[in-house]
Amino acid sequence: QVQLVESGGGLVQPGGSLRLSCAASGSSIRVYAMAWYRQTPEKQRELVARITRSGSTDYADSVKGRFTISRDNVKNTVYLQMNSLKPDDTAVYYCNGANYGGTYWGQGTQVTVSA
């Protein structure tokens, strides 16, 4: 079973950038498809980006061209580089790992985009 811990959230001005990290322990992320989700009090949790075990990526339309998901299997960490941030990107961001054995979540990290 994998444990996931997110970091890198914070307050940023519109147009700014942040890089989120998801550090895994207890298991190698090599055996998981990894993803980032986000949630606000007004919306259900939504998929932001995902990366397969082989490195293929997929993004929500709202973040295409601005966000990049990547994985470092040696460091056992997944990243989300977020550029050109908008107020609508404000949310709690969650790291997710999934395989045939189950689905696992981190505790979330707050991202606030505001002037």
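The values are calculated or read from the model by the stated rules, or taken from the named source; none is laboratory data. For clarity, every value in this text was computed on a predicted model and none was experimentally measured. As a convention, Cβ positions derive from the backbone with ideal geometry for all residues, glycine included, and neighbour counts pool all protein chains shown. Just so you know, the surface numbers come from the protein's heavy atoms only, side chains and all, with ligands and any DNA or RNA stripped out. Shrake-Rupley method; radii C 1.70, N 1.55, O 1.52, S 1.80 Å.
Worth pointing out:
- Index of the failed condition, residue 78 passing every other in (1) in a strand (DSSP E or B); (2) closer than 24 Å to residue 115 by Cα; (3) open to solvent by less than 70 Å² (accessible area, probe 1.4 Å); (4) aliphatic (A, V, I, L, M): (2)
- Conditions (1) open to solvent by 60 Å² or more (accessible area, probe 1.4 Å); (2) assigned to a loop (DSSP other than H, G, I, E, B); (3) farther than 18 Å from residue 6 by Cβ; (4) not β-branched (Val, Ile, Thr): number failed by residue 58: (2)
- Residue within region 82-100 that is on the phi < 0 side of the Ramachandran plot, open to solvent by 60 Å² or more (accessible area, probe 1.4 Å) and aliphatic (A, V, I, L, M) present: no
- Odd one out for residue 43, checked against (1) open to solvent by 40 Å² or more (accessible area, probe 1.4 Å); (2) modelled with pLDDT of 95 or more: (2)
- Among residues of region 7-26, those that are surrounded by fewer than 17 Cβ atoms within 10 Å (Cβ to Cβ) and either in contact (Cβ under 8 Å) with a residue 60 or more places away in the chain or not in a strand (DSSP E or B) (or both), counted: 11
- All conditions in (1) modelled with pLDDT of 95 or more; (2) over 19 Å from residue 86 (Cβ atoms); (3) not in a strand (DSSP E or B) hold for residue 35, with the sole exception of (3).
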